[in-house]
Amino acid sequence: MNDTPRKPRYAALETQEPVSKRTLVSRVVLGVVAVALLAGMVVQFTPNLGGGLGGQQSNGKTVMTVNGLPITERDLERNRGGNQLFSLGLDGVIGEDLKNQLMSQTVLFKAAEADSRTVRLSGGDIDKAFKEWRAGNNLTKDSDYQNAIRGQGYTDASFRETFALQQKIQARVKEINESQKLSDAELKLFWDLNKTNYKNEERVTARQIVVNDQKTADEVQAKLKAGEDFIKLVREYSKDESTKAEDGAIASEKGKKTPVPVVQLALATNVATAAFALKNGGVTAPIAEGGKFYFVKVEKFSPAGQQTFDEAKAKLSEDAKQLKSNGAVEAWIKELEKNAKVEFTKDGLEQKLSYFNPPVAKVGTEEIRLNQLNRLVYLQNQQIQQFIQQGGAAQSAQLVEQFFKPQTLETLISGAVGVQAAKKLGQPFFGSEQDIVNQAKQWKTKDITVSDADVAKYYKDNVALYSTPASANINEATFTTIEAAKAFRSAFIASGGGDFTKSAAKQQGTVSELGALTPDSIAPEYKTVVFEVKALTKAGGFEVSDVIQKDKKFIILGATSFVEKKVKPLSEVFEDAKEKALASKRSTEGQNWVTAAVKTAKAENLYEGVRKQLEANAAATAKQKAADEAKRRAEDEKRKADEAAKNPPLEIKLIGATDAKVTLLEGTTTLQSTDAKSSRASLSKIPNGVYTLKVEATGFKPFTKEVRFPDEKTVEVKLEK
């Protein structure tokens with residue numbers, strides 16, 4: 001591991017949702033729901049998408065245009081299929097929200113497509129990306145590829161066209177990113193606010209010897225104490241193939257024998273703790289870790305320290321540029337949505353399509369619109385998605401309206417207020433809106449300090465951060481009888497230990513090496529025995545338990561390499577606790593600044609009026625759905641009646657009886673019933689379909705038969721006594 005400082009993390013970056021790898025072709029035509037999704041869009045494919053249009057090649061009717069580009073029925077169906085929530089067909093306000101968000105998402109992607117059409121990409125670049133996409137999704141065979149796109153209603157030509165447009169959107173995002181330039185003032189501000197993130201961590205330059213058992217570890221320890229050369233012992237004893245050939249040099253390149261400085265994360269927990277304790281260099285005692293024993297010779301200890309601006313400049317500039325790019329893409333998306341010109345065609349109006357996106361709040365002159373609220377509530381919150389999918393709209397509506405939406409809207413209002421308050425500070429903040437608020441919080445709290453008492457309180461409240469849990473290496477010997485378990489235990493203790501596995505085998509026991517375990521990772525039934533009561537008996541290098549019964553088996557535990565729980569004193573971790581205490585205090589004060597700004601801001605929550613309109617829209621949708629269903633049923637009944645009037649009658653001929661009751665059933669419903677006289681019956685005005693014919697006559701067994709009418713126009717019924 002090299003000594004490159006860790007990349008600083010920012011709240012705005014952490015909250016971005018990564019591009020889903022669940023969908024493939026769908027991402028070509030689906031709108032995006034967040035900056036990260038659009039900026040990192042990839043072409044993806046899911047065979048099960050496609051919606052109600054099935055595998056038809058037709059795109060259907062054009063239902064609307066966005067900035068002059070058409071959106072077809074097929075476009076909406078693909079978009080609907082890209083998110084399970086859109087396909088649920090829910091009623092009520094949630095159903096209206098999801099219809100609106102489907103339209104909003106479709107509009108956004110089409111607007112991005114319109115804006116990206118002027119991007120110039122060579123045919124060669126697109127073909128290369130297309131081949132890479134097919135190879136990456138196991139669609140190199142033409143038959144597989146054709147089957148995949150046909151399932152989405154594409155021809156090869158139409159899919160390639162859509163793919164090329166999607167590539168242009170990616171290129172447009174890249175173009176926006178690459179056009180961003182940092183001013184000296186922006187870079188200086190970014191450094192001032194984030195310099196504590198650019199540090200050289202503590203590092204050690206070291207060699208190691210790794211052996212497999214306690215006996216060998218004791219032998220190596222004795223030779224080290226006698227003054228034997230560490231490298232000589234590496235060559236003689238070490239079992240670690242990754243470092244032995246390099247004379248135990250940690251992190252060195254293959255074939256080179258000079259160790260490279262590493263941070264604590266490069267070493268296993270117990271090894272790192274022991275090695276980094278040697279501030280003046282030296283050799284550790286044997287360290288038990290993962291069933292092995294380590295000796296580390298620290299040749300040099302390098303303390304942590306703040307980087308200078310020049311040392312951090314390259315990484316600093318990279319991080320700042322990424323933040324500025326995020327902000328530029330976010331602003332682009334907002335402009336796309338704001339300026340999208342949406343027009344519905346006659347067919348779209350007849351289908352009652354709409355783009356309902358009113359403001360749900362105002363902060364000064366800035367509007368927060370319904371699609372922004374719904375985007376966060378439904379599409380970027382996995383908890384809500386799962387809740388709705390499990391409970392449906394009726395069960396979820398109250399929780400969404402009373403909890404999720406109000407909370408999310410307050411967050412949006414707070415963010416908008418924070419951005420406006422940040423702009424008043426006169427500093428060159430940059431990035432996404434959330435980045436700008438975060439930078440303003442940092443700037444407002446840059447002069448805050450913490451006292452020793454603050455640090456002590458933080459340490460006390462967060463002592464778990466500075467604690468190393470107890471651990472032990474555990475072997476589990478399992479026996480089928482209690483007698484065998486007791487016999488093994490007695491013999492093993494009496495012999496002073498030895499080979500745990502071989503000793504257990506003498507009593508037909510099997511041993512599992514469970515490895516290094518802590519109180520949190522060990523099985524609950526073993527925790528008390530090993531770590532709490534410590535009901536163990538010494539047997540050479542092992543400590544063995546009494547017999548433990550588990551699932552009709554009898555267990556003996558053998559524990560080695562005990563490490564007691566260790567809590568670092570405040571004096572040892574003071575600087576780290578001070579840094580964290582300061583960060584916590586600044587975070588609290590920064591949020592207090594935003595909260596105070598919200599109280600004095602000119603902010604209006606308009607959602608109550610929007611909710612009433614959504615309820616009215618939902619009621620109108622339900623009424624229209626009922627009317628459409630009634631119309632469909634009436635049309636279906638008329639069709640059946642017209643059809644039946646043209647059909648010939650169904651003739652029934654009886655054999656074995658002259659009188660009977662004849663019934664024709666559609667499912668469990670009686671369609672017609674008549675009495676057969678003189679061995680004949682006739683049923684007229686029957687629609688096309690599959691029916692059950694039932695014939696009953698006194699003294700005869702009931703007769704039933706499936707009849708496919710009008711393929712069968714005459715049925716002979718032979719009755720049996």
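Readers should treat all values here as calculations from the given coordinates under stated rules, not as data from a laboratory. Everything quoted here is computed from the prediction, not taken from an experiment. Cβ placement follows ideal geometry from the backbone for every residue including glycine, while neighbour counts extend to all protein chains displayed.
Annotation: amide H of residue 369 within the under-5 Å range of 360, sequence separation 5 or more or interchain, hydrogens built in the peptide plane. Divide the volume of the convex hull around the Cα atoms of the stretch 202-303 by the residue count and you get 84 Å³ per residue. Taking only alpha carbon atoms, the stretch 330-420 gives an Rg to Rh ratio of 1.03, where Rh is the Kirkwood radius. Quotient of the Cα radius of gyration of the stretch 134-241 and 2.2 N^0.38 Å, N being its number of residues: 2.33. Taking the charge dipole of the stretch 460-610 about its Cα centre, with +1 at Lys and Arg Cβ atoms and -1 at Asp and Glu Cβ atoms, the residue from 559, 463, 587 reaching farthest to the positive side is 559. For residue 631, a cut-off of 17 angstrom between C-alpha atoms picks up these lysines, skipping any fewer than 8 places away in its own chain: 352, 623, 640. Using only side-chain charges placed at the Cβ, +1 for Lys and Arg and -1 for Asp and Glu, the dipole size of the chain relative to its Cα centre rounds to 560 debye. Angle of helix 433-444 to the longest C-alpha principal axis of the chain, folded into 0 to 90 degrees and rounded to 10: 30°. Once the gyration tensor of the Cα atoms in the stretch 648-718 is diagonalised, the equivalent ellipsoid follows with semi-axes of 19, 13, 10 Å, ordered largest first. A dipole drawn for the chain from +1 and -1 charges on Cβ atoms has a positive end, and of 400, 316, 523 the residue lying farthest that way is 400.
Model label sites at residue 552 and residue 587, defined 7 Å from Cα along the beta-carbon direction, differ in position by 5.1 nm.
Can you tell me the 0 to 90 degree angle between the C-alpha axis of helix 382-399 and the longest principal axis of the chain, rounded to 10? Tilt of helix 382-399: around 50 degrees. Charge dipole of the stretch 521-591 (Cα centre as origin; +1 on each Lys and Arg Cβ, -1 on each Asp and Glu Cβ, all else neutral): 120 debye, rounded to the nearest 20.
Given a cut-off of 20 Å, name the pairs among 638/694; 195/585; 110/174; 61/110 whose C-alpha atoms lie farther apart than that in the structure shown. Beyond 20 Å between Cα atoms: 638/694.
Name the residues of the stretch 439-479 whose amide N is less than 19 Å from a point 7 angstrom out from the Cα of residue 574 along the C-beta direction? Inside the label zone: 449-463, 466-467. The residue among 432, 496, 293 whose Cα reaches farthest toward the positive pole of the charge dipole of the chain, with charges on the beta-carbon of Lys, Arg, Asp and Glu, is 432. Ellipsoid semi-axes for the stretch 470-564, based on the Cα gyration tensor and the rule √(5λ), read 20, 15, 11 Å when sorted largest first. Using the rule -39500 (n - 2.57) for each DSSP H run of four or more residues, divided by the residues of the chain, the 222 nm mean residue ellipticity is -14500 deg cm²/dmol. Between helix 214-225 and the chain there is an angle of about 40 degrees, using the helix long axis and the longest principal axis of the Cα atoms. Label-to-label distance for residue 449 and residue 523 is 5.7 nm, based on points extended 7 Å past Cα in the beta-carbon direction. A Stokes-Einstein calculation at 37 °C with viscosity 0.692 mPa s, built on the Kirkwood radius of the chain over Cα pairs, returns a diffusion coefficient of 98 µm²/s. In a DSSP loop and with at most 10 other Cβ atoms within 10 Å, there are no GluC sites (Glu not before Pro) in the stretch 629-698. When the trypsin sites (Lys or Arg not before Pro) in the stretch 383-467 are filtered for DSSP coil states and for at most 12 other beta-carbon atoms within 10 Å of their beta-carbon, the remaining sites are 424, 446. Multiplying the residue separation of residue 534 and residue 236 by 0.36 nm and removing their Cα-Cα distance gives an extension gain of 103.6 nm. When both the stretch 423-473 and the stretch 535-599 are represented by their alpha-carbon centers, they are found 22 Å apart.
Bridging of residue 239 to lysines at a Cα separation below 25 Å is possible for 215, 223, 225, 254, 256, 257, 292, 297, 300, 502, once same-chain residues fewer than 8 apart are set aside.
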